[in-house]
1. May I ask you to evaluate 6.51 cos²θ - 1.76 cosθ + 1.60, the Karplus curve with θ = phi - 60°, for each residue of the range 100-107 and list the ³J(HN,Hα) values in order in whole Hz, giving x for glycine and proline?
2. Taking a ≥ b ≥ c as the square roots of the eigenvalues of the Cα gyration tensor of the range 5-247, is the shape rounded (a/c under 1.5), prolate (a/b larger than b/c) or oblate?
Amino acid sequence: MNGNNQISFRWTREAIITERDSIEGDLAVIEAARHENDSGDQVFSASWTSVVNNRMTNELKFGHVRENLLQGPGQLFDDNWNFIGFAGIDPFDVGSRNSHPDYNAGVWNSYAQDLIRDITFDDTVTWVKNGWGGDHTFKAGVAYSRNGALPQGTATNFTGLFTFPTDAPFNAADPRTYPFRFGISMGQYDFTQIDHRYSGYVQDKWQVNDRLTLNLGVRYDYQNLTENTKDAIGGDGITQFGRALATLNIDILCANTPQAKGRVERAFGTLQDRLVKELRLAEISTMEAANAWELRSPLILSLRIQCISLAWLKQKYT
């Protein structure tokens, strides 16, 4: 504007955007592609720097961030690529992802919905003073930010994942084509939050002499989404999985000791890893052959001994 006032404005937009795009992942069939509609991140910033006199300056800044990232399986978009989310659809109705050793089928089983709107404002005054026991640079400032997630959602494996041991197509008459593991994430996916933050500070950079400089100041920060107590926890602390088990009247027995965790991990390793390999090595592909092999298998004998031992201990000490 003039020698004592300067105004600047900047606008930055993401150069590479993926609007209405279907992205095939590694080793994925076309139906398992990730659909994405990203209009690009935008950042607006403006500042006004003013020289009040030969000892004082003032700097006022304003910023705004807009982020639009929508991605997931095709069922979460309408025909015009508007993100509709589940829209009353159960996650299981979307379909699960099928993971095979050499390819992935089914639908894309993760999504992101980021609609971020941030506004920032801060003002800083600087005043230079000489002669009070040295050279002083005083600064005082206030700041405000509004951070909005409208909403922000991230979900991985929200429709389920079947893991298959082979690449063969599913055949109900062939146990080798059955999945050996199913996993799914449960809980809330989307969060709509608006957070307000306020701060203020006063600072003095005091250069006493050529060898000593003191930085003195006080600062105050406030955030409205922060709990008032140090160890506050929202909700009842029960997960969706825990509520489902409670509805079925099933108690959860947690492995709260290193010894218990080791036993659980060894059992999982046996049933989900070692048992599968033992069946492959024995060239077993039918239920009849598996049942016959069970009678002479050292692995199954070891598992039975463990179960008998646990049952005997439980009967003796309970």
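1. 10, x, 10, 6, 10, 10, x, 9
2. Values: a/c = 3.17, a/b = 2.35, b/c = 1.35.
In terms of gyration-tensor shape, prolate.
Where a number appears in this text, it was derived from the coordinates with a stated rule and is not lab data. In this text, all values refer to a predicted model and were calculated from it rather than measured experimentally.
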